[in-house]
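Here the structure comes first, spelled out in structure tokens, and everything after it is commentary.
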Amino acid sequence: QVQLAESGGGLVQAGGSLRLSCAASGSISRLGGMGWYRQPPGKQRELVATITKTGDTNSAASVKGRFTISRDDAKNTVILQMNSLKPEDTALYYCNAQIATRLFLPLVDYWGQGTQVTVSS
């Protein structure tokens with residue numbers, strides 16, 4: 001059993017900052033890539049940023065230069081630092097992690113429950 005627990009969402013004014021954290025717990029044999037996705041109101045889920053096991057990152061064009069993703073494998077945690085927030089960043093943010101629960105099993109995608117980020121103008 002694996003769980004992803006997100007924290008750090010909330011209400012912030014445009015131009016402000018928030019820091020999202022996601023900790024994976026449970027039966028974790030191997031931890032692969034991790035990332036953040038978001039679903040704006042009335043829209044489909046979209047990629048925000050990802051980070052590989054070796055630390056390579058990828059992010060959506062809309063957040064480049066404003067959002068930074070990082071990870072702490074000792075704590076099975078992925079962090080999203082969000083600066084210069086805009087109203088269009090308002091969304092439900094989901095954590096994603098690729099986890100193998102036993103040594104010879106493949107990596108499988110796990111998702112958090114989501115944390116709401118609301119940016120007021």
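The values are calculated or read from the model by the stated rules, or taken from the named source; none is laboratory data. Predicted, not measured: the structure shown is a model, and the values here were computed from it. FYI the Cβ positions are ideal-geometry reconstructions off the backbone, even for glycines, and counts take in every protein chain you see. Side chains included, ligands, DNA and RNA excluded: accessible areas come from the protein's heavy atoms. Shrake-Rupley method; radii C 1.70, N 1.55, O 1.52, S 1.80 Å.
Quick test of your reading of the structure: VAL12 fulfils all but one of (1) open to solvent by 60 Å² or more (accessible area, probe 1.4 Å); (2) over 15 Å from ALA100 (Cα atoms). Name the failing condition by number.
(1)
Looking only at strands (runs of 3 or more DSSP E) that lie completely in region 31-121, which have at least 3 residues being modelled with pLDDT of 95 or more, touching a strand residue (DSSP E or B) at 6+ places or on another chain (Cβ under 9 Å) and among the hydroxyl-bearing types (Ser, Thr, Tyr)?
Of the strands (runs of 3 or more DSSP E) lying wholly inside region 31-121, those with at least 3 residues that are modelled with pLDDT of 95 or more, touching a strand residue (DSSP E or B) at 6+ places or on another chain (Cβ under 9 Å) and among the hydroxyl-bearing types (Ser, Thr, Tyr) span 115-120.
Give the residues of region 66-93 that are in contact (Cβ under 8 Å) with a residue 24 or more places away in the chain, within 24 Å of GLN3 (Cα to Cα), of a type in the set (D, E, K, R) and open to solvent by 50 Å² or more (accessible area, probe 1.4 Å), sorted by residue number.
Passing the criteria: ASP73, LYS75.
Based on what the data block shows, is VAL63 out of contact with any Ser or Thr (no Cβ under 9 Å at 6 or more places or on another chain), under 17 Å from VAL119 (Cα atoms) and either of a type in the set (Asp, Glu) or open to solvent by less than 30 Å² (accessible area, probe 1.4 Å) (or both)?
Criteria met by VAL63.
Which of the numbered conditions does VAL48 fail, given that it passes all the others? Conditions: (1) over 12 Å from VAL117 (Cβ atoms); (2) free of Cβ contacts under 8 Å to residues at least 60 places away in the same chain; (3) open to solvent by less than 20 Å² (accessible area, probe 1.4 Å); (4) aliphatic (A, V, I, L, M).
Single failed check for VAL48: (1).
Please tell me if GLY33 is farther than 14 Å from GLY114 by Cβ, surrounded by 14 or more Cβ atoms within 10 Å (Cβ to Cβ) and of a type outside the set (S, T, N, Q).
Yes: the conditions hold for GLY33.
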